[in-house]
Amino acid sequence: MSPAERADLVLAGIEIAGTLAFALSGFIEATRKRMDIVGIATVAFVAALGGGTLRDILLDRRPFFWVERPGYVWLILVLTVAGLVLMRARHVEFTGRAMRWPDALGLGLFSVVGTSQALAMQQPLIVAALMGVVTGVFGGVMRDILCNEVPTVFRDHRPYAVCSFAGAWTFIAAQALAAPAWVALSAGIGVAAGWRMLALARDWRVPGWTGR
Amino acid sequence: MSPAERADLVLAGIEIAGTLAFALSGFIEATRKRMDIVGIATVAFVAALGGGTLRDILLDRRPFFWVERPGYVWLILVLTVAGLVLMRARHVEFTGRAMRWPDALGLGLFSVVGTSQALAMQQPLIVAALMGVVTGVFGGVMRDILCNEVPTVFRDHRPYAVCSFAGAWTFIAAQALAAPAWVALSAGIGVAAGWRMLALARDWRVPGWTGR
Amino acid sequence: MSPAERADLVLAGIEIAGTLAFALSGFIEATRKRMDIVGIATVAFVAALGGGTLRDILLDRRPFFWVERPGYVWLILVLTVAGLVLMRARHVEFTGRAMRWPDALGLGLFSVVGTSQALAMQQPLIVAALMGVVTGVFGGVMRDILCNEVPTVFRDHRPYAVCSFAGAWTFIAAQALAAPAWVALSAGIGVAAGWRMLALARDWRVPGWTGR
């Protein structure tokens, strides 16, 4: 296997792990809201595929990535049914903690991929960085809207979207410096995921208006 | 009148009845939320036309069906004003029960039409079925989001989206078996609407996470 | 400076003032919800740029106006950070009252611009008027959805969307009468903004269902 093939394999693995982590976040929130299987499956879909879909609508890209690879749709559908069966049979409880690493890596990957696709379409740099953030973060925003909550990412005070933003700019900078593709990708993913994990470990906060 | 013309007439009738039933569901929910006429009209629009619009955005189809036939926009606008005048003058109360048949038929028709349009654009089968569900169900989802509620269809535990999904697959199967267009259409609409009405009559439930 | 140049300058001034007023409305609502800086910036973006973006998606226009002029994105980003710093340092409180004139003028301008763009794409008149309303009003609708509120414009009972609608039809009528561009623009903006300010001053109400 050549290094390029190996890199592709790693990226595909991160993409699948990240998508599943995002889908699981939707599954968990929907079951907390006592939704039925339709709601749980829809919220899992939207959490996993919504960010990339919104990016593609904004960039006017078709077909969507999940139309090109409908396996993702089937995968989420099967996992939703399986997860529900498991929860009812065994009283398994899913918690988010084990998902932190795949979630952070998925955030990094999606942010960088979204930025890269926007750059390929000659978008301005700030727009490309925002497209990265949309790809990484807006699945979760739409998940929370469907669950009738203020989006977690807007009020969590823990770095999430800012990690995505930083990863996007790291990727942009690396590309501007003519770094090889895999270096730019790794740097972007590493900064986003690394900062996210460090922020969780150290309990860093982003500023907000908490006053009075 | 030829059979084909008669079939077209029946379909047009179902489309109008279904659209009005969906619009009325928006009207009712918006008045319950004590919205003003702007909110009531907007929620009625979104409930009636939102699912098809979202499908067209996802499939990148233009013009929207309500841009091709702006009569629908006028119709909903006039009915909103008329409904409000009626409610204020006579204390008429609109209830959803009388709307069950037009709503179920509309669900069936919109699901099948959405699926058919996606198939015509060579989408994968699972994507085509989902586009049917989006067409039939997401007007109601957006209606509930605008009203700041968890979408009914996600937590109702009564079959609605699954009827739409079943109707979509029935249509896909009938087309794959080279059934004539009107047979495939009727089968899809019949399965979706029939299942929906049967489920309401027998109080069937879809599984969900209700535990502990 | 020719009269045409002077008119362009006035319009550019209104556009900037209106965009800032809309962004500030998002800033205020997000801080009230005690969001962090990510939420505040996102809600400010969506309030300011969401209406025009939704219009462009519905009309399938690309690039978005804020992609053509990314200065708007930077401006909102910088102002969000500056506003937050100011609030934390000085306990400044932003209130909506001072924003009434720029907000009303922005509403008028965006409504007329949205209508004009839809007309240029040969949309039916009712659709063009609705596109004006979407441009003027739906940034605020999306702002409120992100903040998990029933959109203010749907239940405020004070004319806002109807002013936008009236401005759009004024512009359409003026164009149909072959009025010069600047006359049609001023008439549309004047009707929308003027009615809005008058309605606030006189405490006019739009009807709704407030009964029982």
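Computed over chain A with a Gaussian network model linking Cα atoms closer than 10 Å, the most mobile of A:L54, A:L105, A:L177 is A:L177.
The long axis of helix A:71-90 is offset from the longest Cα principal axis of chain A by roughly 40 degrees. A Förster distance of 45 Å, applied to the separation of the beta-carbon atoms of C:A179 and B:R100, puts the FRET efficiency at 0.35.
Based on the Cβ-Cβ distance from C:R62 to A:E68, what FRET efficiency comes out when R0 is 35 Å, to the nearest 0.05? Let's see the in-between values first.
On the way: r = 21 Å, r/R0 = 0.59.
With R0 = 35 Å, the Cβ-Cβ based efficiency is 0.95.
Between helix B:125-146 and chain B there is an angle of about 0 degrees, using the helix long axis and the longest principal axis of the Cα atoms.
Report relative contact order for chain C in percent, whole number only (criteria: Cα-Cα under 8 Å, sequence separation at least 6). Write down the numbers at each step before the final one.
Values: 294 pairs, mean separation 48.1, N = 212.
With pairs under 8 Å counted, the relative contact order is 23 percent.
Output the peptides B:17-27, C:189-199, B:79-89 sorted from most to least packed, where packing is the average of other Cβ atoms within 10 Å over each peptide's residues. If you can, show how the numbers build up before the last one.
Working: B:17-27: 24.5, C:189-199: 21.5, B:79-89: 15.5.
Per-residue Cβ counts within 10 Å, averaged per peptide and sorted highest first, yield B:17-27, C:189-199, B:79-89.
Note on B:I16 and B:A201: their simple-model spin labels are 2.8 nm apart, each label 7 Å out from Cα toward Cβ. For segment A:20-74, the square roots a ≥ b ≥ c of the C-alpha gyration tensor eigenvalues yield an a/c of 1.5 or more together with a/b exceeding b/c, which makes the shape prolate.
Comparing mean-square fluctuations of A:D36, A:D144, A:D103 from a GNM of chain A with C-alpha springs under 10 Å, the top value falls on A:D36.
Rounded to the nearest 10 degrees, the angle from helix C:3-32 to the longest Cα principal axis of chain C is 40 degrees.
Taken over chain B, the ratio of Cα radius of gyration to 2.2 N^0.38 Å equals 1.02. In this assembly of identical copies, the label point of B:P207 (Cα plus 7 Å along Cα-to-Cβ) is separated from its counterparts by 5.1, 5.1 nm, sorted shortest first. One Cα centroid belongs to segment B:110-148, the other to segment B:14-32; the line between them spans 17 Å. Peptide C:145-157 has a mean shielding of 6, counted as Cβ atoms of other protein chains within 10 Å of each residue's Cβ. Over all distinct Cα-Cα pairs of the protein assembly as shown, the Kirkwood formula returns a hydrodynamic radius of 25.7 Å.
Copy-to-copy label distances for C:R100, where each label lies 7 Å from Cα along Cα-to-Cβ, are 5.1, 5.1 nm in order of increasing length.
Other protein chain C-beta atoms within 10 Å of residue C-beta, averaged over C:115-122: 1. With label points set 7 Å from Cα along Cα→Cβ, the inter-copy distances at A:G13 are 6.2, 6.2 nm, sorted shortest first.
Would you work out the charge dipole size for the protein assembly as shown about its Cα centre, treating the Cβ of every Lys and Arg as +1 and the Cβ of every Asp and Glu as -1, and quote it to the nearest 20 debye? Display every interim value, and only then the final one.
Working: 57 positive and 42 negative charges, 341 e Å.
That gives a dipole near 1640 debye.
Quick note: the coordinates plus some simple rules give every number you see, no bench work behind them. For clarity, every value in this text was computed on a predicted model and none was experimentally measured. Note that we place each Cβ from the backbone using ideal geometry, even for glycine, and neighbour counts take in every protein chain shown.
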